[in-house]
Amino acid sequence: RAVPGDRAQPFGIGTPLRLRAALSRIATTPVERLLARPELPAGQALAARGLPARTVDGFLRPLLAALLCDPDLTTSSRCADLALRAFASGRLCLPEGGADVLPELLAASLPAGTVHTGVRVTSVATNAVTTAEHGVIRCRAVLVATGARSAAELLPGLRVPDFHPVTVVHHTTDEPPATGGHLLLDSERGGPVAHTAVISAVDPSRAPAGRALVSSTVLGPDRADVDDAVRRHLARLYGVSTARWETLAVHHTAEAVPAMRPPHDLRRPVRLLAGLYVCGDHRDTSTLQGALHSARRAAAAILGDLGTGRPMHTSDPVPT
Ligand SMILES: Cc1cc2nc3c(=O)[nH]c(=O)nc-3n(C[C@H](O)[C@H](O)[C@H](O)COP(=O)(O)OP(=O)(O)OC[C@H]3O[C@@H](n4cnc5c(N)ncnc54)[C@H](O)[C@@H]3O)c2cc1C
(Lines give C-alpha, C1' and ligand atoms only; values in the text may rest on other atoms or scores of the structure.)
Protein backbone atom coordinates (compact mmCIF):
# COMPACT_ATOMS: atom_id res chain seq x y z
CA ARG A 1 0.00 0.00 0.00
CA ALA A 2 1.35 3.38 -0.97
CA VAL A 3 0.76 6.10 1.57
CA PRO A 4 0.13 9.22 -0.50
CA GLY A 5 0.87 12.82 0.29
CA ASP A 6 -2.10 15.16 -0.06
CA ARG A 7 -3.00 14.65 -3.74
CA ALA A 8 -5.24 17.68 -3.95
CA GLN A 9 -2.68 20.02 -2.47
CA PRO A 10 0.91 19.09 -3.18
CA PHE A 11 2.03 22.56 -2.08
CA GLY A 12 1.01 24.52 1.00
CA ILE A 13 -1.84 27.04 1.23
CA GLY A 14 0.70 29.85 1.55
CA THR A 15 2.09 29.15 -1.94
CA PRO A 16 1.87 32.33 -4.05
CA LEU A 17 -0.72 32.19 -6.85
CA ARG A 18 1.87 32.73 -9.59
CA LEU A 19 3.90 29.77 -8.33
CA ARG A 20 0.79 27.60 -8.07
CA ALA A 21 -0.04 28.49 -11.66
CA ALA A 22 3.52 27.61 -12.77
CA LEU A 23 3.38 24.25 -10.94
CA SER A 24 -0.08 23.44 -12.31
CA ARG A 25 1.20 24.22 -15.81
CA ILE A 26 4.14 21.87 -15.45
CA ALA A 27 1.89 19.10 -14.03
CA THR A 28 -0.21 19.14 -17.22
CA THR A 29 2.62 19.63 -19.72
CA PRO A 30 3.15 16.42 -21.74
CA VAL A 31 6.45 14.70 -20.93
CA GLU A 32 7.50 14.84 -24.60
CA ARG A 33 7.18 18.64 -24.55
CA LEU A 34 9.33 18.90 -21.40
CA LEU A 35 11.95 16.69 -23.01
CA ALA A 36 12.02 18.88 -26.13
CA ARG A 37 13.12 21.95 -24.11
CA PRO A 38 16.78 23.04 -24.33
CA GLU A 39 18.91 21.14 -21.84
CA LEU A 40 20.96 23.16 -19.32
CA PRO A 41 22.15 22.63 -15.75
CA ALA A 42 18.93 22.99 -13.71
CA GLY A 43 20.27 25.95 -11.70
CA GLN A 44 20.93 27.94 -14.88
CA ALA A 45 17.59 26.98 -16.44
CA LEU A 46 15.72 28.19 -13.33
CA ALA A 47 17.42 31.57 -13.52
CA ALA A 48 16.41 31.90 -17.18
CA ARG A 49 12.69 31.17 -16.64
CA GLY A 50 11.71 34.71 -15.64
CA LEU A 51 10.24 33.75 -12.24
CA PRO A 52 10.64 36.14 -9.29
CA ALA A 53 13.93 35.64 -7.39
CA ARG A 54 11.96 35.00 -4.17
CA THR A 55 10.09 32.10 -5.81
CA VAL A 56 13.23 30.62 -7.30
CA ASP A 57 15.51 30.96 -4.25
CA GLY A 58 12.89 30.50 -1.53
CA PHE A 59 11.05 27.54 -3.04
CA LEU A 60 12.13 26.05 -6.36
CA ARG A 61 15.87 25.73 -5.62
CA PRO A 62 15.43 23.98 -2.25
CA LEU A 63 12.62 21.83 -3.64
CA LEU A 64 14.65 20.68 -6.62
CA ALA A 65 17.75 20.16 -4.47
CA ALA A 66 15.61 17.86 -2.28
CA LEU A 67 13.94 16.00 -5.16
CA LEU A 68 17.23 15.48 -7.05
CA CYS A 69 19.57 15.12 -4.02
CA ASP A 70 21.67 17.76 -5.82
CA PRO A 71 22.39 20.89 -3.74
CA ASP A 72 24.27 22.63 -6.59
CA LEU A 73 21.55 21.92 -9.17
CA THR A 74 23.98 20.69 -11.80
CA THR A 75 21.38 18.09 -12.90
CA SER A 76 19.97 18.25 -16.44
CA SER A 77 17.06 20.72 -16.59
CA ARG A 78 15.01 18.04 -18.38
CA CYS A 79 15.39 15.66 -15.42
CA ALA A 80 14.59 18.57 -13.09
CA ASP A 81 11.42 19.31 -15.09
CA LEU A 82 10.38 15.65 -14.84
CA ALA A 83 10.93 15.73 -11.07
CA LEU A 84 8.95 18.96 -10.70
CA ARG A 85 6.17 17.56 -12.89
CA ALA A 86 5.90 14.44 -10.69
CA PHE A 87 5.85 16.63 -7.58
CA ALA A 88 3.27 19.05 -8.97
CA SER A 89 0.99 16.16 -10.02
CA GLY A 90 0.66 15.35 -6.32
CA ARG A 91 1.70 11.74 -6.72
CA LEU A 92 4.51 11.63 -4.15
CA CYS A 93 4.00 8.76 -1.74
CA LEU A 94 5.82 6.42 0.61
CA PRO A 95 5.57 2.63 0.55
CA GLU A 96 3.82 1.72 3.78
CA GLY A 97 6.24 -0.12 6.06
CA GLY A 98 9.44 1.06 4.37
CA ALA A 99 11.35 0.87 1.10
CA ASP A 100 11.86 -2.91 1.40
CA VAL A 101 8.15 -3.57 1.07
CA LEU A 102 7.89 -3.16 -2.70
CA PRO A 103 10.60 -5.72 -3.63
CA GLU A 104 9.29 -8.06 -0.94
CA LEU A 105 5.79 -7.91 -2.45
CA LEU A 106 7.15 -8.46 -5.95
CA ALA A 107 9.17 -11.48 -4.75
CA ALA A 108 6.18 -12.89 -2.84
CA SER A 109 4.15 -13.03 -6.06
CA LEU A 110 6.65 -15.47 -7.61
CA PRO A 111 6.79 -19.25 -7.05
CA ALA A 112 8.67 -20.19 -3.87
CA GLY A 113 12.43 -20.54 -4.42
CA THR A 114 12.53 -18.22 -7.47
CA VAL A 115 14.46 -15.46 -5.68
CA HIS A 116 17.66 -16.04 -3.70
CA THR A 117 19.04 -13.15 -1.63
CA GLY A 118 22.37 -12.74 0.13
CA VAL A 119 24.23 -14.19 -2.86
CA ARG A 120 27.12 -12.15 -4.32
CA VAL A 121 27.71 -12.40 -8.04
CA THR A 122 31.39 -12.29 -9.02
CA SER A 123 31.14 -12.59 -12.81
CA VAL A 124 28.56 -12.93 -15.56
CA ALA A 125 28.43 -14.33 -19.10
CA THR A 126 25.52 -14.79 -21.53
CA ASN A 127 24.98 -18.33 -20.29
CA ALA A 128 26.31 -18.39 -16.71
CA VAL A 129 26.52 -16.46 -13.45
CA THR A 130 29.39 -17.13 -11.04
CA THR A 131 28.57 -16.55 -7.38
CA ALA A 132 30.76 -16.27 -4.30
CA GLU A 133 28.56 -18.67 -2.32
CA HIS A 134 27.09 -21.19 -4.79
CA GLY A 135 29.59 -21.52 -7.64
CA VAL A 136 28.40 -21.31 -11.24
CA ILE A 137 24.72 -21.17 -12.17
CA ARG A 138 23.92 -21.89 -15.84
CA CYS A 139 21.24 -19.83 -17.56
CA ARG A 140 19.81 -18.66 -20.90
CA ALA A 141 20.21 -14.91 -20.25
CA VAL A 142 21.62 -12.60 -17.58
CA LEU A 143 20.20 -9.27 -16.43
CA VAL A 144 22.57 -7.27 -14.19
CA ALA A 145 20.32 -5.16 -11.93
CA THR A 146 22.86 -3.63 -9.53
CA GLY A 147 23.93 -0.06 -8.89
CA ALA A 148 26.18 1.60 -11.48
CA ARG A 149 29.52 0.76 -9.85
CA SER A 150 28.82 -2.96 -9.35
CA ALA A 151 27.37 -3.14 -12.88
CA ALA A 152 30.64 -1.74 -14.28
CA GLU A 153 32.64 -4.26 -12.25
CA LEU A 154 30.57 -7.12 -13.65
CA LEU A 155 30.35 -5.64 -17.15
CA PRO A 156 33.71 -3.87 -17.80
CA GLY A 157 33.36 -0.91 -20.14
CA LEU A 158 30.08 0.28 -18.66
CA ARG A 159 30.27 3.95 -17.64
CA VAL A 160 30.40 4.80 -13.91
CA PRO A 161 28.72 8.18 -13.28
CA ASP A 162 29.51 10.62 -10.47
CA PHE A 163 27.20 10.27 -7.48
CA HIS A 164 25.43 12.59 -5.05
CA PRO A 165 26.09 11.51 -1.42
CA VAL A 166 23.13 11.49 0.98
CA THR A 167 22.88 11.18 4.78
CA VAL A 168 19.54 10.39 6.42
CA VAL A 169 19.13 11.03 10.15
CA HIS A 170 16.17 9.47 12.00
CA HIS A 171 15.01 10.90 15.34
CA THR A 172 12.18 9.78 17.59
CA THR A 173 10.26 11.92 20.03
CA ASP A 174 7.09 11.62 22.09
CA GLU A 175 6.23 15.26 21.31
CA PRO A 176 6.09 15.57 17.50
CA PRO A 177 6.14 19.03 15.93
CA ALA A 178 2.72 20.15 14.67
CA THR A 179 3.64 20.09 10.97
CA GLY A 180 1.59 16.96 10.16
CA GLY A 181 2.80 15.10 7.07
CA HIS A 182 4.24 18.19 5.37
CA LEU A 183 7.75 18.18 3.94
CA LEU A 184 9.83 21.07 5.33
CA LEU A 185 12.47 22.54 3.01
CA ASP A 186 15.51 24.57 4.00
CA SER A 187 14.56 27.68 2.03
CA GLU A 188 17.18 29.83 3.79
CA ARG A 189 19.85 27.33 2.77
CA GLY A 190 21.47 27.60 6.20
CA GLY A 191 21.86 23.81 6.23
CA PRO A 192 22.78 21.16 6.90
CA VAL A 193 19.24 19.69 6.56
CA ALA A 194 17.91 19.86 2.99
CA HIS A 195 14.47 18.52 3.87
CA THR A 196 12.72 16.89 6.81
CA ALA A 197 9.29 15.51 7.72
CA VAL A 198 7.46 13.86 10.59
CA ILE A 199 7.37 10.60 8.64
CA SER A 200 5.16 8.84 11.21
CA ALA A 201 2.42 11.38 10.38
CA VAL A 202 2.42 9.88 6.86
CA ASP A 203 3.18 6.24 7.72
CA PRO A 204 2.78 5.43 11.45
CA SER A 205 4.04 1.86 10.90
CA ARG A 206 7.60 3.19 10.49
CA ALA A 207 7.84 4.62 14.02
CA PRO A 208 8.62 2.81 17.30
CA ALA A 209 5.36 2.16 19.19
CA GLY A 210 3.92 5.29 20.78
CA ARG A 211 6.56 7.60 19.34
CA ALA A 212 6.88 9.91 16.37
CA LEU A 213 9.60 9.45 13.74
CA VAL A 214 11.26 12.51 12.21
CA SER A 215 13.46 11.74 9.19
CA SER A 216 15.83 14.39 7.85
CA THR A 217 18.07 14.40 4.81
CA VAL A 218 21.50 16.03 4.52
CA LEU A 219 23.04 16.34 1.07
CA GLY A 220 26.78 16.27 0.39
CA PRO A 221 29.79 14.54 1.96
CA ASP A 222 29.68 12.87 5.36
CA ARG A 223 30.56 15.01 8.39
CA ALA A 224 31.53 13.91 11.89
CA ASP A 225 29.18 16.33 13.72
CA VAL A 226 26.15 15.52 11.58
CA ASP A 227 23.76 14.60 14.42
CA ASP A 228 24.51 17.74 16.49
CA ALA A 229 24.30 20.01 13.45
CA VAL A 230 21.04 18.39 12.29
CA ARG A 231 19.49 18.66 15.77
CA ARG A 232 20.33 22.40 15.92
CA HIS A 233 18.92 22.99 12.45
CA LEU A 234 15.75 20.98 13.17
CA ALA A 235 15.10 23.12 16.25
CA ARG A 236 15.12 26.19 13.98
CA LEU A 237 13.07 24.56 11.20
CA TYR A 238 10.34 23.12 13.46
CA GLY A 239 10.51 25.90 16.07
CA VAL A 240 10.70 23.39 18.95
CA SER A 241 13.45 22.13 21.23
CA THR A 242 15.08 18.97 19.89
CA ALA A 243 17.33 18.48 22.93
CA ARG A 244 15.33 15.46 24.16
CA TRP A 245 14.89 13.84 20.75
CA GLU A 246 16.53 10.40 20.50
CA THR A 247 18.76 9.59 17.54
CA LEU A 248 17.47 6.32 16.12
CA ALA A 249 19.86 5.96 13.17
CA VAL A 250 22.23 7.86 10.89
CA HIS A 251 22.75 6.38 7.41
CA HIS A 252 25.35 7.82 5.04
CA THR A 253 25.40 6.57 1.45
CA ALA A 254 28.34 7.97 -0.50
CA GLU A 255 27.05 6.74 -3.86
CA ALA A 256 23.36 7.37 -3.24
CA VAL A 257 22.13 8.92 -6.46
CA PRO A 258 23.85 8.83 -9.87
CA ALA A 259 24.44 12.40 -11.11
CA MET A 260 22.35 13.34 -14.16
CA ARG A 261 24.38 16.19 -15.69
CA PRO A 262 23.46 17.47 -19.16
CA PRO A 263 23.39 15.98 -21.69
CA HIS A 264 21.59 13.17 -19.85
CA ASP A 265 20.47 10.10 -21.79
CA LEU A 266 17.12 9.04 -20.31
CA ARG A 267 17.17 5.72 -22.11
CA ARG A 268 20.62 4.25 -21.97
CA PRO A 269 20.73 0.87 -23.75
CA VAL A 270 19.69 -2.06 -21.55
CA ARG A 271 20.51 -4.79 -24.10
CA LEU A 272 24.28 -5.16 -24.37
CA LEU A 273 24.09 -8.24 -26.59
CA ALA A 274 21.72 -11.18 -26.97
CA GLY A 275 21.77 -12.86 -23.56
CA LEU A 276 23.35 -9.98 -21.59
CA TYR A 277 21.28 -7.10 -20.23
CA VAL A 278 21.63 -4.33 -17.64
CA CYS A 279 19.08 -2.20 -15.80
CA GLY A 280 18.94 0.18 -12.85
CA ASP A 281 18.61 3.86 -12.07
CA HIS A 282 21.88 4.54 -13.96
CA ARG A 283 20.18 3.55 -17.27
CA ASP A 284 17.28 6.03 -16.96
CA THR A 285 16.52 8.68 -14.31
CA SER A 286 18.21 8.29 -10.89
CA THR A 287 14.97 7.37 -9.14
CA LEU A 288 12.95 4.30 -8.24
CA GLN A 289 10.73 5.01 -11.24
CA GLY A 290 13.82 5.21 -13.47
CA ALA A 291 15.09 1.88 -12.16
CA LEU A 292 11.67 0.27 -12.76
CA HIS A 293 11.35 1.74 -16.27
CA SER A 294 14.77 0.43 -17.26
CA ALA A 295 13.88 -2.97 -15.81
CA ARG A 296 10.74 -3.07 -17.92
CA ARG A 297 12.73 -2.19 -21.05
CA ALA A 298 15.26 -4.93 -20.20
CA ALA A 299 12.54 -7.51 -19.53
CA ALA A 300 10.92 -6.70 -22.88
CA ALA A 301 14.30 -7.13 -24.64
CA ILE A 302 14.92 -10.48 -22.93
CA LEU A 303 11.48 -11.82 -23.81
CA GLY A 304 11.99 -10.67 -27.39
CA ASP A 305 15.41 -12.35 -27.66
CA LEU A 306 14.27 -15.58 -26.01
CA GLY A 307 11.45 -15.77 -28.55
CA THR A 308 8.74 -16.18 -25.97
CA GLY A 309 6.19 -14.35 -28.05
CA ARG A 310 5.78 -10.61 -28.06
CA PRO A 311 7.54 -8.42 -25.52
CA MET A 312 5.38 -7.44 -22.53
CA HIS A 313 5.04 -3.93 -23.92
CA THR A 314 4.98 -2.88 -27.54
CA SER A 315 6.77 0.40 -26.86
CA ASP A 316 9.07 1.85 -24.25
CA PRO A 317 7.33 3.49 -21.31
CA VAL A 318 7.38 7.29 -21.30
CA PRO A 319 9.73 8.57 -18.56
CA THR A 320 7.96 10.18 -15.61
C1 LIG B 1 19.08 7.63 1.15
C2 LIG B 1 18.44 7.49 -0.19
C3 LIG B 1 17.18 8.05 -0.39
C4 LIG B 1 16.55 7.93 -1.61
N5 LIG B 1 15.30 8.44 -1.78
C6 LIG B 1 14.65 8.27 -2.94
C7 LIG B 1 13.32 8.72 -3.09
O8 LIG B 1 12.72 9.28 -2.19
N9 LIG B 1 12.70 8.52 -4.29
C10 LIG B 1 13.34 7.89 -5.32
O11 LIG B 1 12.74 7.71 -6.38
N12 LIG B 1 14.60 7.43 -5.20
C13 LIG B 1 15.26 7.61 -4.04
N14 LIG B 1 16.56 7.15 -3.90
C15 LIG B 1 17.19 6.52 -5.06
C16 LIG B 1 16.69 5.08 -5.21
O17 LIG B 1 16.84 4.38 -3.99
C18 LIG B 1 17.51 4.39 -6.29
O19 LIG B 1 17.42 5.16 -7.48
C20 LIG B 1 16.98 2.99 -6.56
O21 LIG B 1 17.03 2.19 -5.40
C22 LIG B 1 17.81 2.35 -7.63
O23 LIG B 1 17.34 1.03 -7.83
P24 LIG B 1 18.26 -0.01 -8.55
O25 LIG B 1 17.46 -1.25 -8.68
O26 LIG B 1 18.86 0.60 -9.77
O27 LIG B 1 19.51 -0.25 -7.55
P28 LIG B 1 19.53 -0.67 -6.03
O29 LIG B 1 18.27 -0.33 -5.33
O30 LIG B 1 20.83 -0.10 -5.53
O31 LIG B 1 19.63 -2.25 -6.07
C32 LIG B 1 20.80 -2.91 -6.52
C33 LIG B 1 20.93 -4.23 -5.79
O34 LIG B 1 22.01 -4.96 -6.36
C35 LIG B 1 22.68 -5.63 -5.30
N36 LIG B 1 24.04 -5.96 -5.75
C37 LIG B 1 25.07 -5.12 -6.03
N38 LIG B 1 26.16 -5.80 -6.40
C39 LIG B 1 25.82 -7.11 -6.37
C40 LIG B 1 26.53 -8.32 -6.67
N41 LIG B 1 27.81 -8.33 -7.10
N42 LIG B 1 25.88 -9.50 -6.50
C43 LIG B 1 24.58 -9.53 -6.09
N44 LIG B 1 23.85 -8.41 -5.81
C45 LIG B 1 24.49 -7.22 -5.95
C46 LIG B 1 22.66 -4.63 -4.15
O47 LIG B 1 22.88 -5.31 -2.92
C48 LIG B 1 21.25 -4.07 -4.29
O49 LIG B 1 20.32 -4.84 -3.57
C50 LIG B 1 17.21 7.26 -2.69
C51 LIG B 1 18.47 6.68 -2.47
C52 LIG B 1 19.08 6.80 -1.24
C53 LIG B 1 20.43 6.15 -1.02
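The values are calculated or read from the model by the stated rules, or taken from the named source; none is laboratory data. Computed from a prediction, not measured in an experiment: that's the story for all the values here. Reconstructed Cβ throughout: ideal geometry from the backbone, glycine too, with neighbour counts over all protein chains shown. With ligands, DNA and RNA removed, areas are computed over all heavy atoms of the protein, side chains included. Shrake-Rupley method; radii C 1.70, N 1.55, O 1.52, S 1.80 Å.
Couple of notes before you dig in:
- Share of carbon and sulfur in the accessible area of segment 8-133 stands at 58%, probe radius 1.4 Å.
- In the full protein context, segment 10-93 carries 47 Å² of accessible surface per residue, based on a 1.4 Å probe and ignoring ligands, DNA and RNA.
- When each of the peptides 171-179, 120-128 is scored by how many other beta carbons lie within 10 Å of its residues on average, the order from highest to lowest is 171-179, 120-128.
- The packing ranking, built from the mean of other Cβ atoms within 10 Å per residue, places the peptides 154-162, 215-223, 60-68 in the order 60-68, 215-223, 154-162, highest first.
- Computed [θ] at 222 nm, helices only, for the chain once each DSSP H run of length n ≥ 4 contributes -39500 (n - 2.57): -8500 deg cm²/dmol
- Here the Karplus curve 6.51 cos²θ - 1.76 cosθ + 1.60, taken at θ = phi - 60°, turns the phi angles of segment 86-97 into couplings of 4, 5, 5, 6, x, 9, 5, 7, 10, x, 5, x Hz, with x standing for Gly and Pro.
- According to the Kirkwood relation over distinct C-alpha pairs, the hydrodynamic radius of the chain is 21.6 Å.
- Fraction of accessible area attributable to carbon and sulfur, segment 166-255 (%, probe 1.4 Å): 52
- A simple rule links phi to the HN-Hα coupling: the Karplus curve 6.51 cos²θ - 1.76 cosθ + 1.60 with θ = phi - 60°, which for segment 172-177 gives 10, 8, 9, 10, x, x Hz, with x for Gly and Pro.
- Accessible area per residue in Å² at 1.4 Å probe, computed on segment 166-255: 50
- Normalising by residue count, segment 166-255 has a Cα convex hull of 93 Å³ per residue.
- Positive-end extreme of charge dipole, the chain - chosen from THR55, ALA254, PRO192 (charges on Cβ): THR55
- Distances between placed amide hydrogens fall under 5 Å for HIS164 paired with ALA256, VAL257, ALA259, all partners being 5 or more residues away or on another chain.
- Charge dipole (the chain, unit charges on Cβ, about Cα centre) - positive-most of GLY220, PRO156, ALA27: ALA27
- Candidates ARG138, ARG206, ARG25: whichever shows maximal mean-square fluctuation once the chain is modelled as a Gaussian network with Cα springs under 10 Å: ARG138
- In this structure, the amide hydrogen of GLY280, modeled 1.01 Å from its nitrogen in the peptide plane, lies closer than 5 angstrom to those of SER294, ALA295, counting only residues at least 5 positions away or on a different chain.
- Close amide-amide hydrogen proximity is noted between THR131 and THR122, VAL136, ILE137, each under 5 Å apart and 5 or more residues distant or on a separate chain (H modeled in the peptide plane; Pro and chain starts excluded).
- Degrees between helix 226-238 axis and first principal axis of the chain (Cα, 0 to 90, nearest 10): 50
- Crossing angle, helix 288-306 versus the chain [Cα axis fit, 0-90 degrees, rounded to tens]: 10
- Coupling constants for segment 50-65 follow from the phi torsions by the Karplus curve (6.51 cos²θ - 1.76 cosθ + 1.60, θ = phi - 60°), and in residue order they are x, 7, x, 4, 5, 5, 5, 6, x, 9, 5, 4, x, 5, 5, 4 Hz; glycine and proline get x.
- DSSP finds beta bridges in the chain, and of those with both partners inside it, around 95 percent are antiparallel.
- Residue-span extension gain [ASP227 to ALA128] - 0.36 nm each, minus C-alpha spacing: 31.1 nm
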